[in-house]
Number of protein chains: 2
Amino acid sequence: MDERGIIDNIFKPLAGEGAPAFGLENDTAIYSPPEGCDLVITKDVMIEGVHFPEGEAAGVIAQRLLRSNLSDLAAAGAKPVGYLLGLMGKETIGEGWLKAFAAALKQDQEEFGIKLMGGDTTSGSKSLCLSLTAIGSVEAGRGLTRQGASKGDLICVSGTIGDAGLGLKCLTGEIERDDFLIGRFQKPEPRLALGQGLTGIASAVIDISDGLALDLENLCRASGVGAKVHLERAPLSGPAKKYAAGDQKKLIELLTAGDDFELLFAVPVEKADQIPKLAKTAGLPITVIGEITGAGECQFLDVKGRAVAFRKKGYRHFSERG
Amino acid sequence: MDERGIIDNIFKPLAGEGAPAFGLENDTAIYSPPEGCDLVITKDVMIEGVHFPEGEAAGVIAQRLLRSNLSDLAAAGAKPVGYLLGLMGKETIGEGWLKAFAAALKQDQEEFGIKLMGGDTTSGSKSLCLSLTAIGSVEAGRGLTRQGASKGDLICVSGTIGDAGLGLKCLTGEIERDDFLIGRFQKPEPRLALGQGLTGIASAVIDISDGLALDLENLCRASGVGAKVHLERAPLSGPAKKYAAGDQKKLIELLTAGDDFELLFAVPVEKADQIPKLAKTAGLPITVIGEITGAGECQFLDVKGRAVAFRKKGYRHFSERG
């Protein structure tokens, strides 16, 4: 299949006819934003050997790429609308790969109520590279950012932390295979309902892609504040608890593993009573793990209240994990 | 510099503080679309060795990438607003390269009145790959597409055709160096003023990236029509005329070379009187090269009215030109 054949046969069914994508006949999408809304736009890239191992299944790549971008929309409190896809393929990528890639996107489009809006497909790269731009909408003026956390705000985190990192360890054979953990790595859940619920409540939000410790630093730097977090309060799944088994070094490993795609957010104390309702609506545990302090560093405290030093706060790339 | 350093030092100055990019502290841009407007969104990728030769200057890559996307906005009649950038670098890309890349973007941001809205920067690809998403706005309902050309419409083209292809030949040493031609390849001019002027006048528009012949086919397929174009009417610059020198084979080469980033559009006969004014406002020659026919093929006719066969209608990739 040439480029036109790929567009017509593989990607056009993901876009549909008419606006915004016009069956991918045009190079542009024309999108009428809903009235009274701001648009939220994010773009992530993924590189073979960096963000996923060479030979990773097409469907896993597709869903991790799309869902990591949707997680960014979740952190802004946005409802996803659609996405544009940039595929920079290797010559070895064939029709079977493309079909599996598109089938996984189609599944997720249905799950999240979104459509392909456009993009570009080319081959000739020595590494498979992908780029996705996700577009969402949020009530005007209500979009959430990392800026806005104040001294005294409670630091909350959704779900459980460290599972995706352990999932990767399962895949590399470092630990015993566990389908729950592998699923958390391969098919992260963007916390969209929670993010939308946080508008008007959270003072600052970030999604955890680089690890809880580093993303807390990112949030604090953006807000110009510091933080105190109690290590033992970090929410862990059963398998993660079993892995850490009370070992502080292993716990820290979980907090710096990344790819959790949970939301980490600050809530002013006077709004703390809304947290249980939020958790119920989103169908997710929300755990208060510490509080925002005045300008300063992000401290992680052990059970005796002593600051714990981290060798490395987080990971960015698959390759660095090797 | 690590990823954070690159964002803070190289890219943050292109984004500025506040919305939409918030100094690139967030993973998302929050953008308030202008009232009564549709958004026009496009995304192109570029791969080293495919769209540009290995070792191409950073500034040339930056401006070709940005301007080819702006050209897509021009074809929709949109005014550019901003862009998101995905940079999938090789390990060999250093600070000097990044600074030159950003300086060229800054120049173009000023020229086109746009800002960096977000993106993602990672290294570890074996081929330098880039992705750019450009966002523009157009009065609601007035965005131009490739669909809409009807039998009898005049086929028009802006500027001159084939210069960029010859510019590439200069760079590969196939023909004598000519700064005008090289400039047309390295720094294309998105025809934004013309595109905006075409709203309400043109029935269908495409920007010429794959060559006049192939992009005419693209427009006709999208509109469900055919076309008759008179080869000798194709507008050529002085250097291109000199190259073709009346040789039909060389003329066809120019019409299939691509990267012109001129606009090719259809105008209903009853609006033909507006073409001279459009040309004047845009400061560009506009040439009527043929007319739209009922459903059928795109024919290129020689001076005697005979259909000319093309071996290949257009080019997509740098590598295919080799």
Shielding score for A:137-145, defined as the mean number of other chain Cβ atoms within 10 Å: 3
Shielding by partners - mean other protein chain Cβ count within 10 Å, residues of B:84-94: 3
Mean-position separation - Cα centroids, the range A:22-86 and the range A:105-170, in angstrom: 7
For chain B, calculated [θ]222 nm from helices alone, where every DSSP H run of n ≥ 4 adds -39500 (n - 2.57): -9500 deg cm²/dmol
Pseudo-label separations to other copies for residue B:246 - Cα-to-Cβ vector, 7 Å, nm: 9.7
Cα gyration tensor shape of chain B, rounded if a/c is under 1.5, else prolate or oblate by comparing a/b with b/c: oblate
Relative contact order of chain A, defined on C-alpha pairs under 8 angstrom at six or more residues apart (%): 22
Whichever lysines have a C-alpha closer than 18 Å to that of residue B:242, once near sequence neighbours (fewer than 8 apart) are set aside: B:169, B:250
10 Å Cβ neighbours from other chains, averaged over peptide B:68-80: 2
For the range A:218-227, 3J(HN,Hα) per residue [Karplus equation, 6.51 cos²θ - 1.76 cosθ + 1.60, θ = phi - 60°, Hz, x = Gly/Pro]: 4, 5, 5, 4, 5, 8, x, 9, x, 7
Per residue Cα convex hull volume in Å³ - calculated over the range A:156-204: 78
At R0 = 25 Å, FRET efficiency that the Cβ-Cβ distance of residue A:309 and residue A:245 yields, to 0.05: 0.75
Prolate/oblate/rounded label for the range B:3-139 (Cα gyration tensor, a/c 1.5): oblate
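Pairs of Cα atoms under 8 Å, at least six residues apart: use those to get the relative contact order of the range B:3-139, whole percent.
Numbers: 243 pairs, mean separation 53.7, N = 137.
Here the relative contact order equals 39 percent.
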Nonlocal amide H pairs with residue B:260, under 5 Å, H built at 1.01 Å: B:211
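Taking R0 as 35 Å, what FRET efficiency do you get between residue B:232 and residue B:57 from their Cβ-Cβ distance, rounded to the nearest 0.05?
0.45
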Spin-label pair residue A:32/residue B:4, simplified geometry with 7 Å Cα→Cβ offset, distance in nm: 4.5
Nitroxide proxy distance, nm - points 7 Å out along Cα→Cβ at residue A:95 and residue B:273: 5.4
Per-copy distances of the residue B:273 label point, shortest first, in nm (7 angstrom along Cα→Cβ): 7.3
FRET efficiency, 1/(1 + (r/R0)^6) with R0 56 Å, evaluated for residue A:140 and residue B:180 via beta carbons: 0.75
The range A:199-322 shape via C-alpha gyration tensor axes, a/c threshold 1.5: rounded
Protection-proxy order for peptides B:205-213, A:27-35, B:154-162, each taking the mean of Cβ atoms within 10 Å per residue, highest first: B:205-213, B:154-162, A:27-35
Calculated label separations, residue A:106, copies of the chain, 7 Å along the beta-carbon direction, nm: 4.8
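Read-outs: derived from the displayed coordinates by stated rules, not from any lab. Keep in mind that this is a model prediction, so the values were computed, not measured. Methodologically, a virtual Cβ is constructed for each residue, glycine included, from the backbone with ideal geometry; neighbour enumeration extends over all protein chains shown.
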